[in-house]
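For reference, the structure is listed below as structure tokens.
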Amino acid sequence: WFQPQVNYKTKTLTGVEALIRWRHPEKGMLTPASFIELLENSDQINTVDKYTVGKVCLYMQKWKAEMPDKDFTVSVNLSRKDIQSPDFAKRLTAYVKKHDIDPKNIHLEITESAYMDNSEMLISVVNDLKSDGFIIEMDDFGSGYSSLNTLKDIDIDILKLDMKFLSETQNPERSRVIISSIIHMANALNITVIAEGVETKEQADMLLSFGCEIMQGYYFSKPVPVSEYENMLKNYHFAE
């Protein structure tokens, strides 16, 4: 499934995040929260991530053929086990080129917790991926124990700011000050900020006033099946 990312200032689509779903024969549609930890613990996450990247590449090939005038950017989540796999960057680069996809149109999301596990290995892998043309995102910034050392040491391109930081607090005013500071810091470092989990117009207006233009969340669109997202690509209109 796909969740659009929107430039709130220009009201245009800027990209999309690919999100996996499990159609369980008895329990129906399951989101990743239900099964990702199980996959990681059983060492099956690499297989699922490979499947996700493959499907994304096939969809991007299709979109490029049907809409050659448009530029498609898709964010794909990677697990920490991907990063720890030998020759991961080399294999991913070969796979994307095999499908004739420009690496710069694939954004690789790595959760902030993964940056804490083995920083030296991660720096090396991120550098390899960036040299091959991929865009690197730090996902879920603000949802865990974020480290400013990560932003200092690892050359990420995009920081995804989790708006749970604002909604799950007893002191929203302090949270707004911190969110504003994070956005200004990222802008000063030439790191693009995508705010995820945006649910209201008030949140979107606040983020825009802080200098964050790109947003993702239920205020703009819930995750949708590929057919629905393809309709958005052809005729997107954001209605406040």
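Among LYS70/LYS160; LYS70/LYS164; LYS64/LYS90; LYS11/LYS97; LYS81/LYS222; LYS152/LYS201, which pairs are too far apart, with a Cα-Cα distance over 30 Å?
LYS70/LYS164; LYS11/LYS97; LYS152/LYS201
Please give the FRET efficiency for VAL226 paired with ASP128, using the beta carbon to beta carbon distance and R0 = 30 Å, rounded to the nearest 0.05.
Computed FRET efficiency for VAL226 and ASP128: 0.50.
Can you pull the percent of Cα pairs in segment 1-44 with separation above 15 Å?
Cα-Cα pairs of segment 1-44 separated by over 15 Å account for 59 percent.
Quick one: among THR111, THR31, THR73, which has the greatest mean-square fluctuation in a GNM of the chain with alpha-carbon springs under 10 angstrom?
THR31
What translational diffusion coefficient, in µm²/s and rounded to a whole number, does the Stokes-Einstein relation yield for segment 1-144 at 20 °C and a viscosity of 1.002 mPa s, taking the hydrodynamic radius as the Kirkwood radius over Cα pairs?
Approximately 132 µm²/s, per Stokes-Einstein.
Count the DSSP beta bridges whose two residues both fall in the chain, then state the antiparallel fraction as a percent rounded to the nearest 5.
35
Go through segment 74-83 residue by residue and turn each phi into a ³J(HN,Hα) via Karplus (6.51, -1.76, 1.60, θ = phi - 60°); whole Hz please, and just put x for glycine and proline.
Going residue by residue, I get 10, 9, 10, 7, 10, 8, 5, 6, 4, 4 Hz, with x marking Gly and Pro.
Only one of the values [x] 1.13; [y] 2.44; [z] 1.00 was calculated from this structure for Cα Rg over 2.2 N^0.38 Å; name its label.
Correct label, based on the coordinates given: [z].
Build a GNM of the chain with springs between Cα atoms under 10 Å: which of ASN190, ASN46, ASN77 gets the top mean-square fluctuation?
Greatest mean-square fluctuation among the candidates belongs to ASN190.
Laboratory data are not the source of any read-out in this text; all were calculated from the coordinates shown. Because the structure is a prediction, the values reported are computed rather than measured. Cβ coordinates were reconstructed from backbone atoms using ideal geometry, including for glycine residues, and neighbour counts include every protein chain displayed.
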